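**Student:** I have a structure I would like to understand better, so I am pasting it below and will then ask my questions one at a time.
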Amino acid sequence: CSASSRAYVPASIWNDGFKEEFAAEVDAIAMGDVTDLSNFIGAVIDERAFAKNKAAIDRAAADPTCTIVAGGTYDDSVGYFVRPTVIACTDPANEVFTTEYFGPILAIHVYEDAQYDAMLAQMESVSAYALTGAVISGDRAAAADTMAKLRYAAGNFYINDKSTGAVVGQQPFGGGRASGTNDKAGAPQNLMRWTLTRAIKESLVSPTDYRYPHMG
């Protein structure tokens, strides 16, 4: 299950070769000048964004509860490039799970399979953000239960699909909590943001007395 820049993976999957396969996939992501369409990812937007992501990676590298599984490098010699970075962390309350870095950093918490409900309860409220979430599961009941429990934790929610790529005009809602007001361009609800509500009453039979009927 993922929301923003964090993901929770059951130990049975993580320890069954998924870790190595996922890390290799991330490290193989093509990065560079976006005018070259063979690149999947470009630089972060500016020096400030680069500094924030660099600090996050350096902090995680020095944190004994964190392990950098993929990426972990950066270069601002020509542009502000941060390699897609995966950080595995044993502390589910760590900063990597509560802070939005606005960069290619993904934090992963590996939980014991039998602790799914406890994990879900903890992650639901650990972050102030509530933009996007997803659950990957072959168990339809488990997916429905997760969706219900995360109803306030993710304005955009995906079941068995990637949790990125919301398009204006196709997905009308944004996030809740610190992620926004839950509406955005493309939604009818957004139009209310641009209107001034008025209440107008027209009486076709003019009153002849100020008193109410019960006063007679």
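**Student:** Scan region 76-122 for residues that are under 17 Å from residue 13 (Cα atoms) and of a type in the set (Gly, Ala, Ser) and jot them down.
**Tutor:** 88, 107, 114
**Student:** Taking region 102-140 as the search range and keeping residues that are among the aromatic types (Phe, Trp, Tyr) and modelled with pLDDT under 90, which one is farthest from residue 19 (Cα to Cα)? If you could, list the steps in order and put the result at the bottom.
**Tutor:** Our first condition is that a residue be among the aromatic types (Phe, Trp, Tyr); within region 102-140, this holds for 102, 111, 116, 129.
From what is left, the residues that are modelled with pLDDT under 90 are 102, 129.
Numbers: 102: 23, 129: 26 Å.
Taking the candidates together, the pick is 129.
**Student:** Considering only region 90-104, state which residues are among the β-branched types (Val, Ile, Thr), under 15 Å from residue 69 (Cβ atoms) and either surrounded by fewer than 20 Cβ atoms within 10 Å (Cβ to Cβ) or in contact with a Gly (Cβ under 8 Å, 6 or more places away or on another chain) (or both).
**Tutor:** Of all residues in region 90-104, those among the β-branched types (Val, Ile, Thr) come to 90, 96, 98-99.
Restricting the remaining residues to those that are under 15 Å from residue 69 (Cβ atoms) gives 90, 96.
Passing the criteria: only 90.
The values are calculated or read from the model by the stated rules, or taken from the named source; none is laboratory data. Computed from a prediction, not measured in an experiment: that's the story for all the values here. As a convention, Cβ positions derive from the backbone with ideal geometry for all residues, glycine included, and neighbour counts pool all protein chains shown.
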